[in-house]
Amino acid sequence: MAKIESPRELFVHKLGAALTMEETILRMLEEIAEKAKDPQLKQNLRQHLRETQQQVHNLERAFAALGVEPESQPTATIEGLEREGEQNLKDVDDSLNDAVILAGVIETEAHEIAVYDVLITHAEGMGEEDIVALFQENLEQEQATLKKARDATKKLAQRVGQPV
Ligand SMILES: [Fe+2]
């Protein structure tokens with residue numbers, strides 16, 4: 001593969017990695033929404049699944065704004081998060097599945113927030129205001145999801161901490 005030589009090409013490359021990330025997360029959300037026990041958690045995961053479909057669409061719109069075809073790029077971080085989450089689910093008793101799922105959500109959202117931070121900052125530098133607006137939308141959804149997962153983790157930890 002030819003080396004990336006311009007910041008714009010690098011941005012397109014990063015867009016491709018973000019596309020792979022969101023597509024992987026779509027798959028992960030489907031799986032964990034099935035496995036989650038708490039009805040509120042299930043509902044939150046399904047809501048974020050719908051948001052993630054919109055996020056994929058926003059990424060495709062960003063490609064279109066730059067006049068390039070959407071092209072996925074491999075990204076190791078999300079593969080690692082997926083593998084670790086699957087392993088953790090195997091490691092724990094079923095009663096802790098929701099806690100494992102929430103930990104995975106927090107770690108994944110933190111990563112996604114960093115990815116959109118890079119894309120937004122880069123797009124600002126390029127003067128691509130439409131792309132900045134698209135990714136602000138994605139970023140706000142990730143932040144809201146992170147906050148919900150934190151709140152649910154605290155509640156669950158309090159409950160788990162109670163003597164039976
Ligand atoms: Fe996302």
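The values are calculated or read from the model by the stated rules, or taken from the named source; none is laboratory data. Since the model is a prediction, treat every value here as computed from it, not as a measurement. Heads up, the Cβs are rebuilt from the backbone with ideal geometry, glycines too, and the neighbour counts pull from every protein chain shown. Remember, those area values only see protein heavy atoms, side chains included, never the ligands or the DNA or RNA. Shrake-Rupley method; radii C 1.70, N 1.55, O 1.52, S 1.80 Å.
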How many nm is it between the label spots at residue 8 and residue 68, if each spot is 7 Å from the Cα in line with the beta carbon? 1.0
Degrees separating the helix 129-161 axis from the principal Cα axis of the chain, which is the longest one: 10
For the chain the mean separation of alpha carbon contacts under 8 Å (6+ apart) over residue count, i.e. relative contact order in percent, is 25
Would you mind checking the tilt of helix 7-35 against the longest principal axis of the Cα atoms of the chain, expressed as 0 to 90 degrees and rounded to 10? 20
Distance between modelled label sites at residue 144 and residue 43, nm, 7 Å Cα→Cβ extension: 1.5
All lysines inside 22 Å of residue 37 as judged from Cα atoms, apart from same-chain residues fewer than 8 positions distant: 90, 147, 148, 154, 155
Quick check on packing: order 111-118, 82-89 by the mean number of other C-beta atoms within 10 Å, highest mean leading. 111-118, 82-89
Would you mind classifying the range 72-164 by shape? Square roots of the alpha carbon gyration tensor eigenvalues, ordered a ≥ b ≥ c; an a/c under 1.5 is rounded, otherwise it is prolate if a/b is larger than b/c and oblate if not. oblate
Roughly how many Å² is the accessible area per residue of the chain, as a whole number, for a 1.4 Å probe? 59
Shape call for the chain from the C-alpha gyration tensor, a ≥ b ≥ c root eigenvalues: rounded (a/c under 1.5), prolate (a/b greater than b/c) or oblate? prolate
Highest mean packing first, using Cβ neighbours within 10 angstrom, the peptides 19-31, 64-76, 125-137 sort as 19-31, 125-137, 64-76
In this structure, the FRET efficiency calculated for residue 30 and residue 155 from their beta-carbon separation, with R0 = 30 Å, to the nearest 0.05, is 0.80
The range 19-94 to the range 123-152: how many Å between their Cα centroids? 15
So the carbon and sulfur contribution to the accessible area of the range 3-44, 1.4 Å probe, in percent, is 53
